[in-house]
Amino acid sequence: MNKRIVPGLLLTAILTVLFFSSCTKQTEKKEAQSKDYSVALFIPGVVAGSPTYEMMVRGAKKAISEIPNGKIKVIEGGYNQGEWLEKLTVIAASREYDLIVSTNPAMPAISAEVSKQFPQQKFFLLDGFLEGNNSIYTFRYNQKEQGFLGGYFAGLVTTSTMEGANKDLKIGLIAGQEYPDMMQAILPGFKAGAAAANTNISVDFRVVGNWYDAEKARSLAASIYDSGADIILTIAGGANQGVITAGRNLGKYVLMYDVSSYDDAPGIIAGSTIIRQEKAAYEKIKEAIAGKMKFGSADIADVKGGWVSFDNKHPLYQKNIPQDVKDKLQEMLNRFESGTLSLKMPVYLGK
Amino acid sequence: MNSVSGSSIKTVAVTLVAAVSIPVILLALSSEDPLQSITFFFTGPFQSTYNLGNMLDNTAMLILTGLGMSIAFRAGTFNLGGEGQVYAGAITAVIISLNIGNTAGFTGIVIVLTAGLLTGALIAGISGFLKKQWNTDELISTFLLSGAIIHLTDFLIANPFRDRSSFLISTEKIPEKLFLYKLMGSSHLNISFFLSIAAVFLAYIFLFKSTTGYEIRLTGLNRKFVEYGGIPYKRHLVIPMLISGGMYGLAGSFSVLGNFHMGIKGFTAGLGWNGIAVTLIAGNNPIFIIPGALIFAYLEAGTEVAMIHSDLSFEFSNLIKAVIFFLITAKRFKLRRKVTLG
Amino acid sequence: MDTPLLEMHGIAKTFHKNSVKAVDGANLIVGQSEIHIIIGENGAGKSTLMHILSGEVFPDSGKIIFNNREGIPGTPSEALGEGIGMLHQHIKLIPELTVLENIILGAEPSGGYGIINRKEAIKKLNRLSVKYDLSAEPDKLVSTLNSDEKQKTALLSILFQDIKLLILDEPTTFFSELKTDSVYKLIRKLKSIGKSVVIITHKLKEAAAIGDFITVMRGGKTILTLKASETDPHRLSNIIFGDEKNLSPVRSGSIFGNPLLELKNLLFIKNGKEILDISLTVREGEIVVVTGIRESGLETLEKLLSGEYKASAGIIMYKTAELSGRTELRKRKAGYIPSDRIKTGTSTESSIAENMILLNYKSFSKSGIFRAGSIKKFAYTLIKKYGITGVPGQIMSTLSGGNIQRVMISREIEANPELLIVAEPSRGLDIKSKSLIYNKIFNLKNKGSGILIISSDIEESLRIADRLIILYDGKVAYSGDGKGIDRSALGKIMLGYDR
């Protein structure tokens, strides 16, 4: 029996190897031994299919490419949250990286845990919040303002004369899961924004329970639309696709978050708030290379600073949205940008 | 009595050689700097006590899950519900730990582990009972039941037991007095390692030296013969399932008390399936489970380290594991086919 | 003289599991269209030598020249490709497939694009059936066949390939008595169309009746090759065993005791058809033999007694207890040697010792844990007493057929059962084993046990029965002490003439 297995093994191995060697990416040649600055990019998930991760990777690579002996390694942590701590510890324990960069509200707590064992390891964490740990610098977006912009726009749409808008003063928000940022910043901001458009607007908030179940997201969205809503803000990762499908089936609108993606569903995606993740990764890593990163502090990036905004320049937006809605949104953006209006992010202690 | 049957050392050796050489070939051809990747792959697990300890802790978990599978195999039954049984054992351990109040450390730990074990045993036992009563195919019933249990456990973690202040989908941390004693620095290695090895020897004695083990093995080999011998065999459709599920449940509760200290959505994922792989490497001889688990944990740790230090991607590391798993199972199915023909 | 079809030189094989030299420098020459008998005791190396030829076992050393080509087949399909086919003692068929599918397995006539040409296959099968007088129902599932039909199917699957040499392992053992003639006919037919046949047997008469040449094996060596016409059973027996064996145990004058087993109008009806209707009594110290041709009800009787079938009506009395429905004879410590020795009677992947302790394994344990020493001692005692070649830890499947049977027999007889049921006692046994089993049965009888033998072997039935029951078509055609009945009278009753 063994005699017959061995050729089988070899054959499988060779085929696999041929297949993968043919599609291995030729990444940038690493510079020789003496490294000046090395960065580990820890992705709590996988890069492929996530625009915010892709933006961060692009920004970080750009920053590193600008110094002679920079080194960057993207490490994907996968979807099992239980494994992130161990993986991050292994990265820190390797003592190979000057800086570990990551993004996710859960990363500060995990990094602080690692930091207890490896205090010399520095962390730069996007989209998270932790103050007072001298190894960790966090940089989060003002999601209350971001939610507000979304809510205000949705409010304008539901009160507008747009084709898919009805008389009911109802809008929706679908989230992948409940988490502190969602419950204490995005949702309250969204509601406040909607109220700024019309105080009678009600918000239907639903949770998918994960970040991938597009079918469940579709049925949730359909039921929100059925109850009279005409636009839904979707923050559900891969499950967003289900919301878009429901919008397309019923001729309703979808509002996107973080990444401008009008082209994915022209006419259905009515608007999109955006964050400057690539810019943040690029500029902040440059800061770290220069030794100027303020470890121990936590920055909040808002509309005024240009980190959070609404993509109202896109041709599809320009074409599909009525002029009065465009004007009112621009006016609101101006108020934030000039500083006459600002919302405070809540301070909470995540774990 | 002859006890070390089921698989020859030669078969095990061939499997091991394949399991080690495949990743090497794959790494050599996929990496920018193959020598570096391969070096990390092989030496990574020994680079630090942290890596080494985690590898050994993973070994302990794989020993238990491998044992669970092995006992079921020996009895001629299959338990494909390991994933769900580990997960359910783990969540039971978490829930009991969070509600155990002031029970002292040792007693508390014993209570929690027993509860986890019983949960796994109960779930697998249901499939055994269905087989006994209505001859329901346990291959399917364990698998389907496990699927349902996984969803239920996800729900328990995400809803009633969710720690709302955490950014992870997780429960609260269990009390520190229930943590298992750690053996190697900050790594997860803890006393469950010794208990797992002890379990192997107990299982060996049970299977090969006890009258019940004799009945179970005969039932697994030739049910007609057992019936002919006048041995009541029907209970042996249930007992091995109880033990098998119990081992899985125990692995789940060990990983809570020794490693995670809380319930995180999907945190024990993979342990159940990997238990099958370990059993297959070991040729389902309980003693060979120890090296089988060790080699599997070593491969996992190696790919992990290689992934962090070289240009190996997340998908690729999973692919290496999948290829190994595939080769091992393919071999096994060949064996099974032979048995059917004979 | 023509070049021989087959030459085997210096073949040797040691199995590492027990380091026994199974074949030790054997030589064999078989000519074109020749019937060659290989004869020898159980464990003499006959089967191993033929397994080497058929590609199932790879020898340690030796040379094979077949059809002018030198080489050792690595697999059975390789051997088949060269024109060597073997019919096994334990038939290897896939029960989930149909007869036709089994037959064409590996040699499917292709209709192009890898699709099996069924019509072509059936045509070829029909031609073969007519040519060799072997009927077959192509679409029947193998799992529903009886052992005769299985044997035919296995044979056809070999003949389906274009073979030059057919190896038969104990061909007449598994066909019932009256079918022997048709096996002989088939073998002669093969010879007449230029094919050669090698037959493994330990039946002396058979060897002399059909063989052209006879090769005797002993202890893994080929002792000598004789022309069949120049020898006789008496001389052969001397060569095989070194001395003449007394094949006929003496019937002891018996006084019978109380009834142990009584079947009263036991009825088994299947699909509205009465399959069996029998009454009989087995008393202490009595040997009752039930005989008959195939499908006369012998198999049904065994299954009723083993509890596999449930009686439709009637009473089974065991001593003073009335058993309703399924018998629980086993729970009442009755001994039972089933006709299906391999699947029912042994656990082939367990050790000799594990097979031996089946009936009383609990007595070798203390608080649920076995005492290894006492098991080993017990196993060695039985191995010695029953002349088994092997050690206690050895896996059953590595033993020869005869040794497997002895292990089972030793287990059943050593338990000293009050009642022993034996189905087909001499099936597949060599002379030595046969006389051993009869000796043991007579010992039991003398101790006062009752013995019920279900056997299709006519001579055996006549020789040992205190009471002989002949079944025909499910009914008792004769019941008596067998005195005054000779072989031909018996045959008439079995065939239903002399009712």
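In this structure, the pairs whose alpha-carbon distance is over 22 Å, taken from C:Lys164/C:Lys432; C:Lys63/C:Lys191; C:Lys92/C:Lys343; C:Lys331/C:Lys475; A:Lys62/A:Lys144, are C:Lys164/C:Lys432; C:Lys63/C:Lys191; C:Lys331/C:Lys475; A:Lys62/A:Lys144.
Here segment A:146-187 and segment C:37-69 have alpha carbon centers that stand 84 Å from each other.
Within the straight-line cut-off of under 18 Å between alpha carbons, the aspartates and glutamates reachable from A:Lys313 are A:Asp258, A:Asp263, A:Asp264, A:Asp324, A:Asp327, A:Glu331, A:Glu337, sequence neighbours fewer than 8 places apart in one chain being disregarded.
Among the GluC sites (Glu not before Pro) found in segment A:37-146, those both in a DSSP coil and sparsely packed, with 14 or fewer other Cβ atoms within 10 Å of their Cβ, are A:Glu66, A:Glu96, A:Glu131.
Report the residue, chosen from B:Met184, B:Met247, B:Met262, that carries the largest GNM mean-square fluctuation when chain B is represented by alpha-carbon nodes joined by springs under 10 Å. Among B:Met184, B:Met247, B:Met262, the largest mean-square fluctuation in the Gaussian network model of chain B belongs to B:Met184. Taking the convex hull of the alpha carbon positions in segment B:106-183 and averaging its projected area over all directions gives 7.5 nm². For segment C:259-494, the Kirkwood estimate of hydrodynamic radius, built from reciprocal distances between every pair of different alpha carbons, is 18.5 Å. Among the listed pairs C:Lys303/C:Lys434; C:Lys333/C:Lys384; A:Lys73/A:Lys122, which are separated by more than 18 Å between their Cα atoms? Pairs exceeding 18 Å: C:Lys303/C:Lys434; C:Lys333/C:Lys384.
With a 10 Å cut-off between alpha carbons and a GNM built on chain B, which of B:Leu156, B:Leu207, B:Leu168 moves the most? Looking only at B:Leu156, B:Leu207, B:Leu168, the biggest GNM fluctuation is shown by B:Leu168. Here's how it looks for A:Leu173: its modeled amide H is under 5 Å from those of A:Asp204, A:Phe205, A:Arg206, A:Leu233, which are all 5 or more places away or on a different chain. Hydrodynamic analysis of the protein assembly as shown uses the Kirkwood radius over alpha carbon pairs. Inserted into Stokes-Einstein at 25 °C and 0.890 mPa s, it gives a translational diffusion coefficient of 69 µm²/s.
Placing unit charges on the Cβ atoms of the charged side chains and taking the dipole of chain B about its Cα centre, the candidate lying farthest along the positive direction among B:Thr279, B:Val112, B:Phe296 is B:Thr279.
Each residue of segment C:465-471 is assigned a 3J(HN,Hα), and the resulting list reads 6, 7, 9, 10, 10, 10, 9 Hz, derived from the Karplus form 6.51 cos²θ - 1.76 cosθ + 1.60 (θ = phi - 60°), x at Gly and Pro. When DSSP beta bridges are restricted to pairs lying wholly in segment C:259-494, around 60% turn out antiparallel.
Straight-line reach from C:Lys377: taking Cα to Cα under 13 Å and skipping same-chain neighbours fewer than 8 places apart, the aspartates and glutamates in range are C:Glu354.
All C-alpha pair distances within segment A:91-178, sorted into 5 Å bins from zero, spread as 3, 12, 17, 15, 10, 8, 8, 8, 6, 5, 4, 2, 0 percent across the bins. Taking the charge dipole of segment A:69-171 about its Cα centre, with +1 at Lys and Arg Cβ atoms and -1 at Asp and Glu Cβ atoms, the residue from A:Gly147, A:Asn104, A:Ser94 reaching farthest to the positive side is A:Ser94. When the Cα positions of C:Ala207, C:Tyr132, A:Val207 are compared along the charge dipole of the protein assembly as shown, C:Ala207 comes out farthest toward the positive end, with charges on each C-beta of Lys, Arg, Asp and Glu. Applying Stokes-Einstein at 20 °C and 1.002 mPa s to the Kirkwood radius of chain B, computed over alpha-carbon pairs, gives a translational diffusion coefficient of 104 µm² s⁻¹. Amide H contacts for C:Val422 (H built 1.01 Å from N in the peptide plane; partners 5 or more residues away or on another chain; cut-off under 5 Å): C:Ile337, C:Leu452, C:Ile453, C:Ile454. Rounded to the nearest 0.05, the FRET efficiency derived from the C-beta distance between B:Ser210 and C:Tyr184 at R0 = 45 Å is 0.30. Helix A:51-65 and the longest principal axis of the C-alpha atoms of chain A enclose an angle of approximately 50°.
Per-residue mean of foreign Cβ neighbours for C:298-306 is 0 (Cβ atoms of other chains, 10 Å radius).
Two numbers describe the Cα atoms of chain A: Rg and Dmax, which are 22.6, 80 Å.
Taking every DSSP beta bridge that has both ends in the protein assembly as shown, the antiparallel portion is near 40%. Annotation: amide H of C:Ile199 within the under-5 Å range of C:His36, C:Ile37, C:Ile38, C:Leu168, sequence separation 5 or more or interchain, hydrogens built in the peptide plane. Computed extension length for C:Glu96-C:Thr3: 29.2 nm, one decimal, from 0.36 nm per residue of separation with the Cα-Cα distance subtracted. Each residue of segment A:308-314 was assigned a 3J(HN,Hα) from its phi angle through the Karplus curve 6.51 cos²θ - 1.76 cosθ + 1.60 (θ = phi - 60°); the sequence is 10, 7, 10, 7, 10, 9, 5 Hz, with glycine and proline shown as x.
Net charge dipole, the protein assembly as shown: roughly 2720 debye, given to the nearest 20, about the Cα centre with Cβ charges of +1 for Lys and Arg and -1 for Asp and Glu.
Quick note: the coordinates plus some simple rules give every number you see, no bench work behind them. Keep in mind that what you see is a predicted model, and the values were worked out from it rather than measured. In this analysis, Cβ positions are derived from the backbone assuming ideal geometry, glycine residues included, and neighbour counts consider all displayed protein chains.
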